[in-house]
Amino acid sequence: MPQLTEIRWHARGGQGAKTASLLVAEAAAMEGKYSQGFPDYGPERMGAPMRGFTRISDKPIRVHCAIYEPGMVVVLDDTLLSAVDVAAGTPADDGLIIVNTVGTAADVRRELKLEGRKIFTIDATGIAIDEIGRPIPNTPMLGALMKVSNLLSLDTVMAQIKKKFSHGFRPEILEGNIRAIQRAYEEVVGE
Amino acid sequence: MRVARRLILTGNDATAEAMRQIDPDVVTCFPITPQTELMHKFAEHVADGDVKTEFVLVESEHSAMSAAVGAAAAGARAMTATSANGLALMWEIVYIAASYRLPIVMPVVNRALSGPINIHCDHSDTMGCRDTGWIQLYSENAQEVYDNILQAVRIAEHPDVLLPVMVTFDGFILSHTAEILEGLEDAEARNWIGNYEAKYSLLNTDDPVTFGPLDLQDYYFEHKRQEIEGMWHAPTVIREIGRAYGELSGRPYDLFEAYRLEDAELAVVALGSTCGTTKVVVDELRDQGTKAGLLKIRSFRPFPEAEIAEALGNAKAIGVLDRSVSFGAPGGPVHKEIKAALYGTGREIGIVNYIYGLGGRDMSMDNIKTAFAGLEKVAREGTPDDNIRFLGLRGEGGV
């Protein structure tokens with residue numbers, strides 16, 4: 001793993017990108033790493049494009065600014081592909097882009113007119129509806145990210161989810177999220 | 001060896017954690033973005049019985065500070081917190097709190113003042129309060145937010161000082177960013193904070209006192225002089241407490257931090273969260289052979305003028321970063337202090353003021369590199385005519 005990993009999250013307000021960006025940071029902290037997780041608030045409207053950021057490092061993190069050259073990008077809503085330059089700043093050789101879509105990596109590549117990078121897709125909304133009963137794609141996207149990035153162990157993320165959902169959530173919500181993460185971990189595909 | 005209590009918290013939650021450990025007698029609360037989550041978290045601690053605090057919900061910030069003043073005058077350890085327009089609304093009482101010598105501690109989550117309305121970070125709120133008689137400590141990251149709040153209580157209550165303290169930190173950039181910090185154990189923190197016995201209390205009927213009576217031409221001036229003296233004592237006290245906190249936590253604090261500054265030819269002066277980003281840029285420039293350095297101001301009030309002038313001693317060019325403006329004045333508030341500090345030292349150093357980040361405009365590493373790049377020419381040619389520049393601004397005047 002490089003010394004500093006930077007992840008940018010693209011979503012619409014209400015899809016849980018803030019929670020996801022912080023949750024990965026918290027899971028990294030559980031593994032003894034240094035991390036930051038923060039949202040980029042515009043107008044706090046349901047449905048408006050928003051971003052989240054996560055940094056993970058073996059050393060203390062001193063920067064406090066947005067992420068301009070992310071090694072990894074997670075897109076929680078494929079309608080953003082035509083609205084926001086989600087690939088901006090990603091390295092052409094090994095940049096990683098994961099999209100929540102029913103389409104394929106080739107579809108995403110065509111849509112973004114993008115060469116290089118590694119592109120992965122997962123129907124996280126479908127999984128969320130099946131397993132959690134609500135179209136909130138953030139937790140399955142965590143499963144997909146852990147599979148393709150090798151950033152943290154899936155067990156750590158699961159443990160952090162359990163910690164987070166132990167307070168004020170019904171047990172079936174937690175169980176649904178755990179199943180959704182596991183399924184996305186297994187079903188994510190790409191090129 | 002001391003085992004660290006490792007936490008990952010947002011700046012707001014780190015503040016609430018420090019407040020939980022302080023367990024103030026009274027906390028007054030009115031919500032405002034981006035401070036709201038801080039008080040959400042503290043309200044949870046109240047509801048869960050983690051603290052014994054009398055938690056007073058009020059109908060405005062003016063009342064929040066008024067209630068804190070009343071509590072502190074009654075001898076309680078009192079806190080509140082706010083941001084931007086909330087601070088503006090309580091301004092009248094902010095000044096009064098310092099004038100009554102009440103050791104209130106107030107986290108201020110920096111946010112741009114309206115208008116136009118904006119919820120994001122700049123320092124226009126606290127810089128507008130720089131002459132209210134409050135001590136102001138600025139924080140670089142969540143760790144410093146937590147540490148500053150624990151130190152602020154001791155600084156404010158120190159008998160040589162007896163002045164309220166604002167601990168400021170950047171809205172969203174710190175308040176809503178989760179990051180790693182080390183916390184003290186509860187027992188350590190309680191022991192550090194200690195018990196508070198107010199020197200004067202409205203409730204002590206054996207020694208009746210009055211706060212805030214009419215004070216006209218006869219004594220107002222003398223009382224202000226005493227208040228000024230409290231502020232004059234503050235630098236020594238802030239240093240002593242910063243050293244003691246270092247012995248306890250392994251993290252010593254001073255009035256400012258000199259980062260790779262000793263032999264720096266190009267120096268940037270800043271405060272708040274951008275200092276961390278600047279340190280990374282300084283390291284990069286050093287690797288490329290540029291003698292760059294940073295002076296990070298922690299205590300803006302009191303402003304340690306002579307020490308800062310000395311620390312900037314070897315610089316050939318100084319770039320002062322201001323995240324607020326002082327309309328009609330020659331540059332931002334930090335810029336003016338630095339220029340005043342260097343006056344009379346007999347050194348001709350080129351100084352440029354970079355106004356940046358108003359209304360939350362991101363301060364990227366590229367922006368900071370631009371600032372340093374501009375200083376190369378200033379080092380050769382001295383202070384230029386265009387010595388007030390707008391970093392990251394589109395259009396005229398922007399660099």
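The values are calculated or read from the model by the stated rules, or taken from the named source; none is laboratory data. As the structure is a prediction and not an experimental result, all values here were calculated from the model. All Cβ positions, glycine included, derive from the backbone under ideal geometry; neighbour counts span all protein chains shown. To get the accessible areas, we keep the full protein, side chains included, count just its heavy atoms, and leave off ligands, DNA and RNA. Shrake-Rupley method; radii C 1.70, N 1.55, O 1.52, S 1.80 Å.
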Quiz item: For region B:236-297 and region B:4-62, what is the separation of their Cα centres, given in Å?
Solution: 29
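What are the GluC sites (Glu not before Pro) within region B:55-114 that DSSP puts in a loop, where the Cβ has at most 10 other Cβ atoms within 10 Å? Each step should come with its number before you reach the end.
On the way: sites: B:GLU59, B:GLU61, B:GLU92; in loops: B:GLU59.
Answer in residue order: B:GLU59.
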Quiz prompt | Two-site FRET efficiency, B:GLU188 against A:VAL102, from Cβ-Cβ distance with R₀ of 60 Å, rounded to 0.05 | solution = 0.65
Self-check item: Neighbour cut-off at most 13 other Cβ (10 Å), DSSP loop, GluC sites (Glu not before Pro), region B:320-399
Solution: B:GLU348, B:GLU396
Self-check item: Area of B:LEU57 that stays accessible when all protein chains are in place (1.4 Å probe, Å², to 10)
Solution: 120
Practice problem: For A:MET50, enumerate residues with amide H under 5 Å from its amide H, sequence gap 5+ or separate chain, H modeled in the peptide plane. | Solution: A:ALA11, A:ARG12, A:GLY13
Quiz item: Hey, what number do you get for the protein assembly as shown at 222 nm if only DSSP H runs of n ≥ 4 count, each worth -39500 (n - 2.57), divided across all residues, to the nearest 500?
Solution: -12000 deg cm²/dmol
Quiz prompt | Longest exposed-site-free window of chain B, the sites being chymotrypsin sites (Phe, Trp or Tyr not before Pro) in a DSSP loop that have at most 13 other C-beta atoms within 10 Å | solution = B:1-218
Self-check item: Area of B:CYS29 that stays accessible when all protein chains are in place (1.4 Å probe, Å², to 10)
Solution: 10
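Which of the pairs B:LYS316/B:LYS339; B:LYS296/B:LYS336; A:LYS118/A:LYS147; A:LYS18/B:LYS279; A:LYS18/A:LYS59 have their Cα atoms more than 18 Å apart in this structure?
A:LYS18/B:LYS279; A:LYS18/A:LYS59
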Quiz item: In whole percent, what relative contact order does region A:4-190 give with Cα contacts below 8 Å and a gap of six or more residues?
Solution: 21
Practice problem: Assuming a ≥ b ≥ c are the square roots of the Cα gyration tensor eigenvalues, decide whether region B:296-380 counts as rounded (a/c under 1.5), prolate (otherwise, with a/b larger than b/c) or oblate. | Solution: oblate
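Could you work out the relative contact order of chain B, using alpha carbon pairs under 8 angstrom and six or more residues apart, expressed as a whole percent?
15
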Quiz prompt | Accessible area in square angstrom per residue, the protein assembly as shown, 1.4 angstrom probe | solution = 42
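How big is chain A by the Kirkwood estimate over distinct Cα pairs, in Å?
Taking every pair of different Cα atoms in chain A, averaging 1/r and inverting gives 16.4 Å.
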Quiz item: In Å² (nearest 100), what accessible area is buried between A and B, both sides summed, heavy protein atoms only, 1.4 Å probe?
Solution: 1800
Quiz item: Against the longest alpha carbon principal axis of chain B, how many degrees, from 0 to 90 and to the nearest 10, is the axis of helix B:36-47 turned?
Solution: 30
Quiz prompt | Shape call, the protein assembly as shown: gyration tensor on alpha carbons, a/c limit 1.5 | solution = oblate
Quiz item: Which value, in Å² and to the nearest 10, is the accessible area of B:ASP283 when all protein chains are kept and the probe is 1.4 Å?
Solution: 30
Quiz item: Magnitude of the Cβ-charge dipole of the protein assembly as shown, K/R +1 and D/E -1, about the Cα centre, nearest 20 debye?
Solution: 820
Exercise. Using only Cα atoms, find the angle between the long axis of helix B:220-249 and the longest principal axis of chain B, and express it within 0 to 90 degrees, rounded to the nearest 10.
Key: 80
Exercise. Work out how far the C-alpha atoms of chain B reach from end to end along every principal axis, then list the three figures in whole Å, largest first.
Key: 67, 54, 45
Quiz item: For the protein assembly as shown, which whole percent of the accessible surface, found with a 1.4 angstrom probe, sits on carbon and sulfur atoms?
Solution: 52
Quiz item: How well do other chains shield peptide A:64-75, expressed as the mean number of their Cβ atoms within 10 Å of each residue Cβ?
Solution: 3
